[in-house]
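> Before we start, here is the structure in question, set down as structure tokens.
The values are calculated or read from the model by the stated rules, or taken from the named source; none is laboratory data. If you're wondering where the values come from, they're calculated on a predicted model, not measured in any experiment. Counting neighbours? That spans all protein chains shown, and the Cβs are built from the backbone with ideal geometry, glycine included.
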Amino acid sequence: MRLRKVKHAGETIRNNPKYVIAYPESKKGLWNKTFGNNNPISLEIGCGKGLFLMEMARKNPDVSLIGIEKFDSVLVRALEKLIIDPLPNLLFVLADAVDVDLFFDSDEIKHIYINFPDPWPKTRKAKYRLTNEAFLPKYRQILSENGKVYLRTDNFPMFEYSMMSINRSDDFSITDIALGKGIESDGYVETEFEIKYRKMGLPIFYLEASVERSRK
């Protein structure tokens, strides 16, 4: 499906440097200083329109949150939410996740959330999947020793691919999965896609992977 362009998206993002970090590579190793505290930092890769992060920020004031999104026409919708309802523990970055290791230092991130990513169903496009084996070492590099990656998807082939990719990795081990329903627990926050898919009766697949302590 072709992404619908939003007029003035780029301009709106540029005019709000308080909420969108223009040069994230300049913040590498300095994100706690940027937030003005030493709270743990969680990262959502592909934050979409921001509903998940906004709710996470409200429910977890002692956690700093960063959302990466590569499309300005999508990120501007998240930014609009934050402008209306400012949250001191939330920032956005307009960038491609392939460069995530350039933006964050070793041990700087505690949790990474990957919510309903593009499954890139064609085999020749597998390298773009966010759980591809090329991405996993980048995640390991920026995660702390007790760090975790969380995946949610409605696409079972993507879920299966992710399990296999992580199982082959020396950097992570799978510590929890849920087939068909997702996770129901205190503090659980749904995304826009999840709300939509649940209403449609579609299954949600959940995976949690923890850092292998023997590797660095």
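> Could you list, in sequence order, all residues of the range 146-156 that are part of a strand (DSSP E or B) and crowded, with 18+ Cβ neighbours inside 10 Å? Before the answer, list the steps.
Of the residues in the range 146-156, the ones part of a strand (DSSP E or B) are 146-153.
Hits for the range 146-156 are Gly147, Lys148, Val149, Leu151, Arg152, Thr153.
> With the condition kept exactly as written, say whether any residue in the range 22-38 is modelled with pLDDT under 95, within 27 Å of Asp118 (Cβ to Cβ) and touching a Leu at 6+ places or on another chain (Cβ under 9 Å).
yes
> Taking the range 97-127, which residues are of a type in the set (Asp, Glu) and out of contact with any strand residue (DSSP E or B) (no Cβ under 8 Å at 6 or more places or on another chain)? Reasoning before the result, please.
So in the range 97-127, the residues of a type in the set (Asp, Glu) come out as 99, 101, 105, 107-108, 118.
Residues satisfying the conditions are Asp99, Asp101, Asp105, Asp118.
> Looking at the range 25-125, what helices (runs of 4 or more DSSP H) fall wholly within it and have at least 1 residues that are farther than 21 Å from Ala9 by Cβ and among the charged types (D, E, K, R)?
31-35, 51-59, 100-103
> Would you say Gly36 is among the small types (Gly, Ala, Ser) and over 15 Å from Leu91 (Cβ atoms)?
Here the answer is no, as Gly36 does not meet what is asked.
> May I pose another question? Tell me, yes or no, whether the range 140-148 has at least one residue that is without any contact (Cβ under 8 Å) to a residue 40 or more places away in the chain and either at negative phi or in contact with a Gly (Cβ under 6 Å, 6 or more places away or on another chain) (or both).
No, the range 140-148 contains no residue that is without any contact (Cβ under 8 Å) to a residue 40 or more places away in the chain and either at negative phi or in contact with a Gly (Cβ under 6 Å, 6 or more places away or on another chain) (or both).
Okay, residues lined up against (1) of a type in the set (Ser, Thr, Tyr); (2) touching a Lys or Arg at 6+ places or on another chain (Cβ under 6 Å); (3) exposed (fewer than 12 other Cβ atoms within 10 Å of the Cβ); (4) assigned to a strand (DSSP E or B):
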residue: Pro137; (1), (2), (3), (4): no, no, no, no
residue: Ser144; (1), (2), (3), (4): yes, yes, no, yes
residue: Met158; (1), (2), (3), (4): no, no, no, no
residue: Asp170; (1), (2), (3), (4): no, yes, yes, no
residue: Asp176; (1), (2), (3), (4): no, no, no, yes
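> Can I ask one more? Among the residues of the range 1-19, write down those that are touching a Ser or Thr at 6+ places or on another chain (Cβ under 9 Å), buried (at least 16 other Cβ atoms within 10 Å of the Cβ) and not small (Gly, Ala, Ser).
Within the range 1-19, just Val6 meets the criteria.
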